[in-house]
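This report refers to the structure that appears directly beneath it.
The values are calculated or read from the model by the stated rules, or taken from the named source; none is laboratory data. Values in this document were obtained by computation on a predicted structure and should not be read as measured data. Backbone-built Cβ (ideal geometry, glycine too); neighbour counts: all protein chains shown.
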């Protein structure tokens, strides 16, 4: 019952989730359109989130460990205020990039900066062997940015009180390694400032353009020729403050400084994940941080729940038979379809943030759709197996047919669903097909294979159990034979002891009777010895043995012993265990006749009943006491019956209405 309750709960819980979600907008809309969050958003971390969402920041890359190339500068035509602004920028860059060297080229290398121009004819003539940058004597040129300064009037045009024409870039045809800040061959940024621009504004403006070049070089990995230089015109007066080209309400320089600082910290990924989980719902954070990993984890969770459900169903329905054979198929298949739709809901809830759950459609599916599908599936399997699978067919062929029938039965709903998608609403294209049909394809393959494997294992288990049962049966038979021989050996010495005592008692009284009794005993033991090793004898032979025994006892008791034997002629050839009657008669003599002074009467009767054979021994001696079997030597008879017939035979005794002991043997035992 507990297993059934667990199976039902695993259906009800997802329905509860659907009920709660049905009254809400999709989570994606609530977060990205309506602005829902668990706590106030941080504008700087939101910019990081924006860059991650655009794919410009890869959470799998450890930037601190990967990008360690130096950041080098060279100044051209810089005024003291220009130099001061650059040095202020360099101080901030050292904080942003703690593992990078940030310095002037000349200070870092000990020699003056000389820009290389691969397209210079004179250089090519002097150095024809230099075909690529890696052969340059000074590779550090590739990490150097030359900052050129001048007055706006020295450039092509002016606008307002000042103009800066920023012409910066790199010959990106050499960007083979896509390394951070690896600008190639004389990367330059040109600035034109009016005299009234402050050092702080210069530093901000230079930093803005440098970080922009740095960021674009990393995130826009284009490959092109010299004509692919980035060009930008920027008007800069005292009141000008550059803004990001992407987020108009956020300071670009501050955002990038924050982003780069976090990016090159020891635990950037952990910090960003903590912010996401604290600020946004965990489902949204999971999908945003790693949609593929979320899909895989959700799939693993669904498969784990499915495995648990399979184990519960197997343990609940295993060897459970219902009155109508069709129900043996319908109930398990009904639960399979219920749980399958449940698992789909769970997976969709965890991975698709744009899902809209309809409570009405769900209830209709569970109340009408699932029972109908289950009914059709169960009927197909039940009908096909009933018609085509016969008991005499080889087990392997039966399993194969059952797998095929299961596949066909579970395929039908998928075929109908596929037809509906293609004919009615194929507007969703391949995505619609993939989301709806692919899981069903998995179902129609997994269920038949799982059932076939289960049937195969059950067949092998049954075969092994039968083999073990046969082996145990043989062992029991050997044990029974040994016990029977032991019991028979107990009977013979016991009887011999009593008979010899009788002869010894009679010898001084009557020599003729003693001789006759000795001959009778000899004949009796001939019967016993000739049947040595046998377990069974005929009723006729056993009665003859009893007759010889009573003849011996009559010699001892004389007229005091009277006996009669009545045997149904139809039973004379029936087989019964050896020595099963003689102990009953011996018990009547020893504990009955010998205890009275008058005439003792013994009646042996063997008759056929409606259920088998009835053997009864009556005497007129004292009543049976309690504990007869153990106290009167009849335990051997009881054991013989148990070992030979099991529960198909019984030993009983009574004192009223007349004293008797009976053995009942079922005829087909």
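Among the residues of the range 519-544, those identified as in a helix (DSSP H, G or I) and at pLDDT 85 or above are 539, 540, 541, 542, 543, 544. Of all residues in the range 277-287, those being in contact (Cβ under 8 Å) with a residue 60 or more places away in the chain, surrounded by fewer than 19 Cβ atoms within 10 Å (Cβ to Cβ) and in a helix (DSSP H, G or I) number 2.
Take residue 29 and tell me if it is within 39 Å of the chain's Cα centre (by Cα), surrounded by fewer than 17 Cβ atoms within 10 Å (Cβ to Cβ) and without any contact (Cβ under 8 Å) to a residue 12 or more places away in the chain. Answer is no for this residue. Can you tell me which residue is surrounded by the most Cβ atoms within 10 Å (Cβ to Cβ) among those in the range 318-334 that are outside any helix (DSSP H, G or I) and out of contact with any helix residue (DSSP H, G or I) (no Cβ under 6 Å at 6 or more places or on another chain)? Ranking the candidates gives 325 first. Going through (1) assigned to a loop (DSSP other than H, G, I, E, B); (2) touching a residue at least 24 places away in the same chain (Cβ under 8 Å); (3) farther than 20 Å from residue 664 by Cβ one by one, residue 573 falls short only on (3). With respect to residue 270, is the statement that it is touching a residue at least 24 places away in the same chain (Cβ under 8 Å) and part of a helix (DSSP H, G or I) true? No: the conditions fail for residue 270.
Screening 356, 381, 376, 368 for residues that are buried (at least 18 other Cβ atoms within 10 Å of the Cβ), in the same structural domain as residue 460 (by TED's automatic domain parsing), closer than 28 Å to residue 8 by Cβ and out of contact with any strand residue (DSSP E or B) (no Cβ under 8 Å at 6 or more places or on another chain) leaves exactly one candidate, 381. Of the residues in the range 356-379, at least one is in contact with a helix residue (DSSP H, G or I) (Cβ under 8 Å, 6 or more places away or on another chain), at negative phi, touching a residue at least 40 places away in the same chain (Cβ under 8 Å) and not in a helix (DSSP H, G or I).
Any idea which of 265, 315, 310 is outside any helix (DSSP H, G or I), modelled with pLDDT under 85 and farther than 24 Å from residue 37 by Cα? That would be 265, the only listed residue that is outside any helix (DSSP H, G or I), modelled with pLDDT under 85 and farther than 24 Å from residue 37 by Cα.
Consider residue 71 carefully, then state whether it is in contact (Cβ under 8 Å) with a residue 12 or more places away in the chain and assigned by TED's automatic domain parsing to the domain that holds residue 362.
no
Within the range 37-56, the residues that satisfy the criterion of being assigned to a loop (DSSP other than H, G, I, E, B), within 22 Å of residue 353 (Cα to Cα) and modelled with pLDDT under 90 are 54, 55.
Examine the range 285-293 for a residue that is farther than 30 Å from residue 28 by Cβ, in contact with a helix residue (DSSP H, G or I) (Cβ under 9 Å, 6 or more places away or on another chain) and either at pLDDT below 90 or outside the structural domain of residue 345 (by TED's automatic domain parsing) (or both), and state whether such a residue exists. No, every residue in the range 285-293 fails to be farther than 30 Å from residue 28 by Cβ, in contact with a helix residue (DSSP H, G or I) (Cβ under 9 Å, 6 or more places away or on another chain) and either at pLDDT below 90 or outside the structural domain of residue 345 (by TED's automatic domain parsing) (or both).
Taking the range 187-205 as the range and being outside any strand (DSSP E or B) and either in contact with a strand residue (DSSP E or B) (Cβ under 8 Å, 6 or more places away or on another chain) or within 9 Å of residue 81 (Cα to Cα) (or both) as the test, the residues that pass are 193, 198, 199, 202, 205. Might you let me know whether the range 518-541 holds any residue that is under 16 Å from residue 616 (Cα atoms) and either touching a helix residue (DSSP H, G or I) at 6+ places or on another chain (Cβ under 9 Å) or buried (at least 21 other Cβ atoms within 10 Å of the Cβ) (or both)? Yes: one or more hits. Please state which one of 61, 13, 5 is surrounded by 13 or more Cβ atoms within 10 Å (Cβ to Cβ) and under 34 Å from the mean Cα position of the chain (by Cα). Sole residue among the options that is surrounded by 13 or more Cβ atoms within 10 Å (Cβ to Cβ) and under 34 Å from the mean Cα position of the chain (by Cα): 61. Restricted to the range 654-669, and to residues there that are surrounded by fewer than 18 Cβ atoms within 10 Å (Cβ to Cβ) and touching a helix residue (DSSP H, G or I) at 6+ places or on another chain (Cβ under 7 Å), the residue that is modelled with the highest pLDDT is 666.
I'd like to verify a number: residues in the range 595-613 that are touching a residue at least 24 places away in the same chain (Cβ under 8 Å) and either outside any strand (DSSP E or B) or within 60 Å of the chain's Cα centre (by Cα) (or both), how many? Before you say what the answer is, go through the steps one by one.
Within the range 595-613, the first condition is being touching a residue at least 24 places away in the same chain (Cβ under 8 Å), and the residues that meet it are 595-596, 598-609, 611-613.
After this cut, where a residue has to be either outside any strand (DSSP E or B) or within 60 Å of the chain's Cα centre (by Cα) (or both) as well, the list is 595-596, 598-599, 609, 611-613.
Number satisfying all stated conditions: 8.
Can you spot a residue in the range 616-628 that is at pLDDT below 90 and either in a strand (DSSP E or B) or within 60 Å of the chain's Cα centre (by Cα) (or both)? Looking through the range 616-628, at least one residue is at pLDDT below 90 and either in a strand (DSSP E or B) or within 60 Å of the chain's Cα centre (by Cα) (or both).
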